[in-house]
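Please read the structure below before turning to the comments.
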Amino acid sequence: MTARCGPRVCLIVVFLVLIGVVAPSQIVLELREGETPGITDLVRQTPTRANLKRLESDLETKCRLAQAVRPWVQYARFVLLQDAGDKALLGHCGWFFYRPAVQYLVAPCPLPPTVGTQGDIFTAIVSFRDELAKRGIKLLVMPAPNKSSVYPEMLAARAETAAPVNPTTRAVLATLKQAGVEVVDLFEVYGQGRVGLAPPQSLSDGNRWGKPHPTYYLAQDSHWSPEGMRLAANVVARRLLDSGWVQKGSVRYDTKPVTIHRHGDVLRMIRVPQVERLYEPEQIDCAQVVNTDTGKPYVDDPDSPVLVLGDSFLRIFERDEPGSGGFIAHLAHNLGFGLTSVVNDGGASTLVRQQLARKPALLAGKKVVVWEFVERDIRFGTEGWQVIPLP
Amino acid sequence: MKVVLVMTLSLALLLSASCAKKPQTADTGADAKVTTLGSIEVTAQLEEIPGEVRNDPLYDYAHVMKYKVLQVQRGKVDKDTIYVGHYNPAKPRDAIADARVPQIGGNVKQFRVGDVHRMALEVPIDDYYMGGIINKYFGQVNDPIYWAIWTNKVSK
């Protein structure tokens, strides 16, 4: 009986010690730094849902003991269980996936997708299209696929190589097209681009699949690779020119190869340096766009007939290193003139249009707005899909 | 159980010692940064943090909060209530500067309704910060949004 009780008592003691030590030690540390203990917010603030949620989040993230212990626990979980934490998923061959994007792919979603009471995507996009039309401006919408929609086989061995685009995404694209919204379907573009090519994990398997080819997404990152980005820029440029919405300009641009090395954002968001050190920084061969006449890297033109709106898919390679090597610069290269752009990280569903509403001068002289947003924003867009009237 | 009791008592003693060790002194929040950065400097009380403060490792957001202005040290502020965008408010101000927003900071560890802050500001936010702005007042309030460059805590 005593032997049986031993582990139980031990566990109870450990649990009680944790309860007895963590909270008081946190209070002591906060007081020593001259701060009011965070737990007092429980009585200092009205106990609304938002306040309680914020308090819970603060207690979790600011606990010093947890901060000290967490990296080592996460490292152990990663090494032993391949658990990459609550934001990342480990795929094959060192590929990492952003968990909310995978959740978007596999979890059922109602139609039309709504984010709380913050509107639905159809109303928001059609309303924006109509607002622009009143000003004589055309709208071209381009959802950027989640990495897991293009390379599912790198996430799960049993997934088909053909991209299993979420039914919600298919329905959204179809409904938008029915409503007369011009849409660039990158799912189809990437799907066609991958026909006959080897899956990325076989690139190191000798020449079974013939010549190695670049992939459209980065292994450690949630974003597209330079190749995927350039393909998107080519498709959009062709659509704009073929439709006659804009004419090719006379500014000459060249591209300059630049190789960068960096850990991807999904790997970094695990926030465990010990895990990052397990992986070499990814080598990325970029092409920086330079003005042929001046020799200087591409810069935006506020007087351009084209305004590009979007999120971090526009930021990568453009405002991050190497600079002037992202979607905006390559679209400008293909069109032969500079563009105006508004890049709003993680905010392409609503925040970028709020930004535009605060600065309507950005629309002066525009003929076309190209609006990029990441696929998962269909369901998880920050601040939902609000209708934002333009002033 | 004795262990827990002993540890709890020890911590209680440490707690009281700690409380006694630091007598509360008035701190106006003034320092070399807050008094020189930006074109506006105010002391204001945080009245409201609308919605949930996002702590997303993938993205950086500014979150707009409502303040009651107590004193204007520099520049011109027309109203008693102002709306201020704080960059990534889930993080302490002394660890907030990054490659995209390199010159911001302060000594506020945590944003709490009721606290008084001394802030160096610019306005409007869109002229100084290009990125996601969570503004729950959008469409309800047409006042300009201030951009918090430096945020220090004021204690009484």
Search result, residues across segment B:50-85 that are among the small types (G, A, S) and within 14 Å of another protein chain (Cβ to nearest Cβ)
B:G51, B:A62, B:G85
Residue in segment A:367-388 that is surrounded by the fewest Cβ atoms within 10 Å (Cβ to Cβ), counting only those that are part of a loop (DSSP other than H, G, I, E, B) and hydrophobic (A, V, I, L, M, F, W, C)
A:V387
Those strands (runs of 3 or more DSSP E) completely within segment A:240-335 that have 3 or more residues that are open to solvent by 40 Å² or more (accessible area, probe 1.4 Å) are A:253-262
Residue tally, condition free of Cβ contacts under 8 Å to residues at least 24 places away in the same chain, under 13 Å from B:G38 (Cβ atoms) and part of a loop (DSSP other than H, G, I, E, B), over segment B:106-156:
2
Just one of A:T46, A:T36, A:T40, A:T61 is among the polar types (S, T, N, Q), free of Cβ contacts under 8 Å to residues at least 24 places away in the same chain and open to solvent by 70 Å² or more (accessible area, probe 1.4 Å); which is it?
A:T46
Across segment B:93-124, what is the total count of residues that are closer than 21 Å to B:S155 by Cβ, at the interface with chain A (Cβ under 10 Å from one of its Cβ atoms) and open to solvent by 40 Å² or more (accessible area, probe 1.4 Å)?
3
In segment A:235-274, which residues are farther than 22 Å from A:L186 by Cβ and either outside the structural domain of A:L140 (by TED's automatic domain parsing) or aromatic (F, W, Y) (or both)?
A:Y253
Return the total of residues in segment A:3-23 being open to solvent by less than 90 Å² (accessible area, probe 1.4 Å), of a type outside the set (A, V, I, L, M, F, W, C) and more than 10 Å from chain B (Cβ to nearest Cβ).
2
Consider A:V21 carefully, then state whether it is free of Cβ contacts under 8 Å to residues at least 12 places away in the same chain and either outside any loop (DSSP other than H, G, I, E, B) or more than 23 Å from A:A66 (Cα to Cα) (or both).
no
Being open to solvent by 80 Å² or more (accessible area, probe 1.4 Å) and within 7 Å of another protein chain (Cβ to nearest Cβ) is the filter here, so list the residues in segment A:24-33 that pass it.
A:R32
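The values are calculated or read from the model by the stated rules, or taken from the named source; none is laboratory data. Every value quoted in this text rests on a predicted model; they were computed, and no experiment measured them. Positions of Cβ are backbone-derived with ideal geometry, glycine not excepted, and every protein chain shown enters the neighbour counts. The area values use the complete protein model at the heavy-atom level, side chains included, leaving out ligands, DNA and RNA. Shrake-Rupley method; radii C 1.70, N 1.55, O 1.52, S 1.80 Å.
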